[in-house]
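Comments concern the structure below.
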Amino acid sequence: MSASTEALKEHIEELKLIDHHVHGVVRDNPSVESFSNMITESDRTPKTLDDALDTQVGFAVRRWCAPLLGLEKHASAHDYFTKRIELGNEKVNRTLLKAANIDHYLLETGFKGDEIHGIAGMQELTGAKFDEVLRLETMAQSWAETSGTTAENFPSTFAAHLAEKGKHAVGLKTIAAYRIGLDFDPKRPEGQELQRALDAWFSDIAAGKDARITDPVIIRHIIWQGIDLGLPIQFHIGYGDPDLNLDKCDPLLMTELIRITEKLNIPILLLHNYPYQRNAGYLAQMFRNVYLDVGLAVNYSGARSPAIIAESLELAPFNKILFSSDAWGLPELTYLGTRLFRNGLYEVLSEWVDKGEWSLADAKHVCDSIAFKNARTAYSLK
């Protein structure tokens, strides 16, 4: 290790991280089945724990998390889970979240919030700073079901509700990629088109049917209500659970919406992006308001994550790339999000510094930008 790369490694290990998209960890000890399900994005639970950990992310858990819980590196799947239960979930949460060393969490609270710690619980576990990101679809569904609003006045009442909640949030998120894909009409829906969709949705709710929003018109409407609020909007892109169609999750499909929001000065945050990280980098270069991260992909690609990090650094301006873990449920995913990010960033940048392609000062600058500076800019954080 040269003096320059040694200095770079030390700098990366000491980075203060802002995780701009993350969820809480589970409160209770997971069963083998729930652990196996949470360690994969697929909801088709592996038949055995060995199956669940016979993956890049599983190998990374056994390599990096096992020693933090008092086991040897690469402990068996059985030994790892047994030790996890022996220590208890609170101890595991505290140990792995402390090791993650995240300074500031932007917590998205709209998915299965009854199973995981919210902001108060996560603050108690970590001592870190927290801000909230609101999930549009979850908020809209809850408002339609519980507020007493009607199909006729939903647009006005939900806009007021969103504005009130937005006073205490730093950003919004949409899962349009899951519900309708990203090839939707970017124009604001209005008039009879919107009212027909709302009438049908409220009729279903009144009939006791699932209130889950799947109508493209309603999803477009709540996205536009988010745009009207002026907060940064996160879009899930690419890799996710089987609920989505991956071919409809390419961020290039959003190009016209990005053009519109650029004129309105609305920051668009493209989340995670695998396998479209190069496409996201292109959009970040082309448009002033586009940012990206490769969180989630880093966790789940394990030893191959440096290649994904390198691809995210190809076209995107370095003031447009953010850090996230997108961890949900398991503190292993939060810790791996940071550990593999630091490892991968060092592996990629140290080679460029050693070859003389980058200076050490430039490498440190890019590390700081991705780790915390760009999030402060995108979300106007104090």
Give the residues of region 2-33 that are in contact (Cβ under 8 Å) with a residue 40 or more places away in the chain and assigned to a loop (DSSP other than H, G, I, E, B), sorted by residue number.
Ser2, Leu15, Lys16, His23, Gly24, Arg27, Asp28, Asn29, Pro30
Name, by its number, the condition in (1) touching a residue at least 24 places away in the same chain (Cβ under 8 Å); (2) surrounded by 14 or more Cβ atoms within 10 Å (Cβ to Cβ) that does not hold for Trp143.
(1)
Condition (residue is aliphatic (A, V, I, L, M) and either more than 16 Å from the chain's Cα centre (by Cα) or surrounded by fewer than 19 Cβ atoms within 10 Å (Cβ to Cβ) (or both)) applied to region 336-345: is it met by at least one residue?
yes
Unique match (being within 27 Å of Ala284 (Cα to Cα), assigned by TED's automatic domain parsing to the domain that holds Ile119 and either touching a helix residue (DSSP H, G or I) at 6+ places or on another chain (Cβ under 8 Å) or polar (S, T, N, Q) (or both)) among Ile218, Ile213, Ile205, Ile223
Ile223
Residues in region 160-211 that are at positive phi and either in contact with a Gly (Cβ under 6 Å, 6 or more places away or on another chain) or surrounded by fewer than 13 Cβ atoms within 10 Å (Cβ to Cβ) (or both): how many?
2
Pairs returned, first residue in region 331-346 that is modelled with pLDDT of 95 or more, second residue that is assigned to a helix (DSSP H, G or I) and aromatic (Phe, Trp, Tyr), beta-carbon separation under 8 angstrom, 6 or more apart or interchain, are Tyr335/Trp64; Leu336/Trp64; Arg339/Trp64; Leu340/Trp64
With Ile233, Ile237, Ile266, Ile260 as the choices, which residue is without any contact (Cβ under 8 Å) to a residue 40 or more places away in the chain and farther than 30 Å from Asn29 by Cβ?
Ile266
Can you pull out the helices (runs of 4 or more DSSP H) entirely within region 241-329 that have at least 2 residues that are surrounded by 24 or more Cβ atoms within 10 Å (Cβ to Cβ)?
277-286, 297-301, 305-312
Tell me, which residue of region 34-54 that is buried (at least 18 other Cβ atoms within 10 Å of the Cβ) and part of a helix (DSSP H, G or I) is farthest from the chain's Cα centre (by Cα)?
Leu49
Among Thr214, Thr174, which is among the hydroxyl-bearing types (Ser, Thr, Tyr) and in contact with a Leu (Cβ under 6 Å, 6 or more places away or on another chain)?
Thr174
Evaluate the following for Glu115: is it more than 20 Å from the chain's Cα centre (by Cα) and assigned by TED's automatic domain parsing to the domain that holds Asp326?
no
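The values are calculated or read from the model by the stated rules, or taken from the named source; none is laboratory data. In this text the structure is predicted, and so the values were computed from the model without any measurement. Ideal geometry is used to build each Cβ from the backbone, glycine not excepted, and the neighbour counts take in all protein chains shown.
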